[in-house]
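What follows is one structure encoded as structure tokens, with my remarks underneath.
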Amino acid sequence: MKAAVWTDINKIEIREVPIPVPGEGEVLIKIKAAGVCATDAHIISGSFAHATPPCILGHEICGEVAALGERVTDAKVGDRVIINTIISCGKCEYCKSGRNEMCPNGSEIGYNPHNGGYEEYTVVPEYTLVKIPDSISYKEGAIIESAICPAGSLLRFGMEMGATVFIQGGGPAGIAYTQLAKACGAAKVIVSVRGAERIAYAKQFGADVVIDAMNEDVLSRVMEETDGIGAKYSIDAAGTVSSVDMAVKAAANGGEIFLYGVPGKDDEFSFPVTEIVLRHLNIHGCCGNYLTWEPFVKMIENGRFNIKDMVTHEFKLEDLSKAIDLIRYKDRSLIKAVIVMD
């Protein structure tokens with residue numbers, strides 16, 4: 001079978017590799033589509049040490065069950081599935097409480113030693129399978145993982161109906177948070193983005209107020225839109241030094257701050273501890289939620305979340321490097337690229 005193997009910094013090779021054989025409790029997945037994540041682009045460029053070459057990356061996976069290993073109990077050949085990529089021990093206190101993503105003994109499909117979705121077939125544990133209905137296409141299924149982290153943070157921490165939400169970032173996470181805040185009953189969703197394309201996308205996916213961060217005073221606009229109070233929920237989906245600082249400044253007293261964007265490895269932060277203490281601010285780190293997958297699939301199925309229009313680009317496996325370049329060079333037309341298998 002064909003696989004796109006990350007072999008060195010900024011180097012991907014298309015190779016012929018053996019089709020893996022599922023072991024006990026495992027299933028073979030024929031991959032139909034794989035989403036391309038900014039994390040993989042950062043890994044390939046050497047700016048994020050989350051995997052080591054050689055490795056078959058790709059943690060946004062959608063396909064069909066092609067073969068079953070021994071002691072597989074529920075999966076059937078032909079099942080349409082996405083993959084909850086968290087590998088966990090199932091025995092520690094985190095796993096027992098449903099926080100498998102925090103498992104100290106865990107790992108993740110798409111990073112060493114577990115091959116990911118940039119290949120024609122992959123093997124995964126049966127417990128990672130999440131079935132999807134026929135109404136969700138393979139391309140749509142392939143990018144569901146990219147919205148799971150934003151969705152998971154709202155499931156974990158909650159959101160009050162009628163609240164004002166401020167979101168920084170116009171990429172996949174920012175768009176996901178925008179849609180989710182609206183679905184959760186936010187009275188006003190304010191989104192700060194950079195560039196005409198991102199402004200258009202923010203409006204398309206439901207933002208009530210869009211701030212052009214390149215030409216407007218963001219904090220002044222947030223305060224104007226919240227009667228000088230600030231946002232009850234202040235979400236950073238950009239991951240820069242300035243956006244983290246703005247997330248704190250734009251939050252209302254007693255507000256909830258969600259930090260989702262991952263900063264560069266060389267970024268240095270001066271965290272405003274005094275302001276956080278005196279203003280009773282609550283800071284939440286947001287990265288995944290094991291219990292989100294099935295509820296989120298239902299949300300898409302019921303028309304509460306528009307995943308279809310988030311797929312803006314399609315590539316063949318041989319052109320994975322072109323998809324990575326869209327992320328690397330910050331193509332403003334990109335929301336999500338998908339690798340579509342033959």
Counting only protein chains, not ligands or nucleic acids, how are F269, F315 ordered by accessible area (probe 1.4 Å), most first? F269, F315
Rounded percent of accessible protein surface that carbon and sulfur make up, the chain, 1.4 Å probe: 51 percent
What ³J(HN,Hα) values, in whole Hz, does the Karplus curve 6.51 cos²θ - 1.76 cosθ + 1.60 give for the range 88-98 when θ = phi - 60°, with x put for Gly and Pro? 9, 7, x, 10, 6, 5, 5, 4, 5, 9, x
For the range 1-58 (alpha-carbon point model, no solvent) the Debye-based log₁₀ I(q)/I(0) at q = 0.24, 0.27 Å⁻¹ works out to -1.04, -1.14
Over the Cα atoms of the range 149-237, what is the Rg over Rh ratio if Rh follows Kirkwood? 0.94
Tell me which residues come under 5 Å, amide H to amide H, from Y121 once H is placed; ignore anything under 5 positions away on its chain. I31
Across the range 75-85, in residue order, what do the Karplus-derived ³J(HN,Hα) couplings come to in whole Hz, using 6.51 cos²θ - 1.76 cosθ + 1.60 with θ = phi - 60° and x for Gly and Pro? 5, 10, 4, x, 4, 8, 9, 10, 10, 6, 6
Rg [Å, one decimal], Dmax [Å, integer] - the chain, C-alpha atoms: 20.1, 62
In a GNM of the chain with a 10 Å cut-off on Cα contacts, which of S47, S321, S242 has the highest mean-square fluctuation? S242
If you line up the long axis of helix 144-157 against the longest principal axis of the chain, both from Cα atoms, how many degrees apart are they, to the nearest 10? 50 degrees
For the range 212-280, what are the per-bin percents of Cα-Cα distances with bins 5 Å wide, up to the bin holding the maximum? 4, 17, 25, 27, 18, 7, 2, 0
Which pairs, out of K203/K308; K32/K131; K91/K131; K30/K76; K298/K336; K139/K203, put more than 19 Å between their alpha-carbon atoms? K91/K131; K298/K336; K139/K203
Under a 1.4 angstrom probe, counting protein chains only, how are H313, H50 ranked by accessible area, largest first? H50, H313
Taking the chain as a Gaussian network, where each spring joins two C-alpha atoms under 10 Å apart, which residue of I144, I83, I211 fluctuates the most? I211
Under the Kirkwood approximation for Rh and a Cα-based Rg, what ratio Rg/Rh is obtained for the range 44-161? 0.97
Inverse mean reciprocal Cα-Cα distance (Kirkwood Rh) of the range 197-342, Å: 17.9 Å
Angle between the Cα long axis of helix 172-183 and the longest principal axis of the chain, 0 to 90 degrees, nearest 10? 70 degrees
Cα-derived Rg over Rh, computed across the range 184-224 with Rh taken as Kirkwood radius: 0.97
Based on the mean of other Cβ atoms within 10 Å per residue, sort peptides 94-105, 14-25 so the most packed one is first. 94-105, 14-25
Most to least accessible of T85, T164 (protein chains only, probe 1.4 Å): T164, T85
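The values are calculated or read from the model by the stated rules, or taken from the named source; none is laboratory data. The structure presented is a predicted model; accordingly, all values stated were derived computationally and were not measured. Methodologically, a virtual Cβ is constructed for each residue, glycine included, from the backbone with ideal geometry; neighbour enumeration extends over all protein chains shown. Remember, those area values only see protein heavy atoms, side chains included, never the ligands or the DNA or RNA. Shrake-Rupley method; radii C 1.70, N 1.55, O 1.52, S 1.80 Å.
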